[in-house]
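Following: one structure in structure tokens, then a few remarks.
The values are calculated or read from the model by the stated rules, or taken from the named source; none is laboratory data. What you are looking at is a predicted structure, and each value in this text was computed from that prediction instead of being measured. Here the Cβ positions follow ideal geometry from the backbone for every residue, glycine too, while neighbour counts run over all protein chains shown. To get the accessible areas, we keep the full protein, side chains included, count just its heavy atoms, and leave off ligands, DNA and RNA. Shrake-Rupley method; radii C 1.70, N 1.55, O 1.52, S 1.80 Å.
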Amino acid sequence: MITCAVWWAVPVDDAAEHRGLLTDVERERYGAYRKSDDRRRFLTGRVMAKTLVGERLGVPAADVVFDAACEDCDKQHGPPRLPGSTLRLSISHAGDRVGLALTDGAELGLDVEATTRHADDGLLDYALSDTERAAVADLADSDRTRSFFRYWTGKEALMKATGKGLRIPLTSLTLSAPGEPIRLVSAAASTLDPATTRLAALQPGSGYDASVAVLTGDELEITERWWSPAPAALGH
């Protein structure tokens, strides 16, 4: 059994106590965002991740340092990792929702999306396989949109788990039909095998959809809870 813990948060205040947890490299990334909402989402992901990882490791949040080196260019703008640790984490955010997923010993990916867009034919053609498009073709508009975002977040989570991102075409993945528990049915990419891939639909709140993918053949146990910062937990 693999346990995957997921936390949800709304963006934290852009306060000095929160920015103080960022490394120099993270401050550069934070400062590169032009919009304040984007800065707050990035800040929230790092503060939440460092606080919760610090609790797992028994160290202050300020002592948690992530390696976010990109596999392609080695710059620090990739997904965060913990060198020398078996803990794996994934951060995702959309709108006023920020999520963190954490496992021990298995690669994972988390994706959350705001469900305000209409799933038009262009989006369906871009993201869904032939089998999936056929599965949603006769659904009412609202059901088609809901099913689309379940497909979308599941596929994004899978791509994050592999570390390959959009190098895996969305249409090369086929997930289970609407109304069934979410799972990977088939994948053209050799990096994904349905036998060693687990997916779970999450509950990030009204107006959002989210999924988590864990690369394991074991059963998956999911916990979801909400998080908010406490000054005493930041630990300088």
**Prompt:** Name the residues in the range 204-224 that are open to solvent by 40 Å² or more (accessible area, probe 1.4 Å) and under 15 Å from the mean Cα position of the chain (by Cα), would you?
**Reply:** Y208, L215, I222, T223, E224
**Message:** Being assigned to a strand (DSSP E or B) and not small (G, A, S) is the filter here; which residues of the range 93-118 pass it?
**Reply:** H93, R97, V98, L100, L102, T103, D104, L108, L110, D111, V112, E113
**Request:** Name every residue in the range 200-222 that is among the hydrophobic types (A, V, I, L, M, F, W, C) and either assigned to a strand (DSSP E or B) or at positive phi (or both), in order of residue number.
**Result:** A200, A201, L202, A210, V212, A213, V214, L220, I222
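Do we find a residue being under 29 Å from S206 (Cβ atoms), in a loop (DSSP other than H, G, I, E, B) and within 21 Å of the chain's Cα centre (by Cα) anywhere in the range 12-20?
Yes.
Please find, among A201, A187, the residue that is among the small types (G, A, S), more than 16 Å from the chain's Cα centre (by Cα) and open to solvent by less than 50 Å² (accessible area, probe 1.4 Å).
Details: A201 fails: more than 16 Å from the chain's Cα centre (by Cα).
Answer to the check: A187.
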**Request:** For A114, indicate whether it is at pLDDT 90 or above and within 20 Å of the chain's Cα centre (by Cα).
**Result:** yes
**Prompt:** Quick one: what pairs do we get from the range 118-141, first residue over 19 Å from G179 (Cβ atoms), second among the aromatic types (F, W, Y) and surrounded by 12 or more Cβ atoms within 10 Å (Cβ to Cβ), C-beta under 9 Å, 6+ apart or different chains?
**Reply:** L123/F148; L123/W152
**Asked** For the range 50-73, how many residues are open to solvent by less than 60 Å² (accessible area, probe 1.4 Å) and charged (D, E, K, R)?
**Response** 2
**Residue ID - most open to solvent (accessible area, probe 1.4 Å), chosen from residues in the range 136-153 that are of a type in the set (G, A, S) and either in a helix (DSSP H, G or I) or under 14 Å from D111 (Cα atoms) (or both)** = S142
**Asked** Among (1) surrounded by fewer than 18 Cβ atoms within 10 Å (Cβ to Cβ); (2) in contact with a helix residue (DSSP H, G or I) (Cβ under 9 Å, 6 or more places away or on another chain); (3) among the β-branched types (V, I, T); (4) closer than 27 Å to G207 by Cα, which single condition is T116 missing?
**Response** (2)
**Request:** State the number of residues belonging to the range 172-184 that are under 20 Å from the mean Cα position of the chain (by Cα) and surrounded by 17 or more Cβ atoms within 10 Å (Cβ to Cβ).
**Result:** 6
**Asked** Which ones in the range 177-193 are small (G, A, S), assigned to a loop (DSSP other than H, G, I, E, B) and closer than 26 Å to G105 by Cα?
**Response** A188, A189, S190
**Item:** Criterion: touching a residue at least 24 places away in the same chain (Cβ under 8 Å) and either open to solvent by 70 Å² or more (accessible area, probe 1.4 Å) or touching a helix residue (DSSP H, G or I) at 6+ places or on another chain (Cβ under 6 Å) (or both) - qualifying residue of V25, V6, V47
**Value:** V47
**Fill in**
When the range 119-135 is checked residue by residue, the ones that are part of a helix (DSSP H, G or I) and open to solvent by less than 60 Å² (accessible area, probe 1.4 Å) are G122, L123, L124, A127, E132, A135
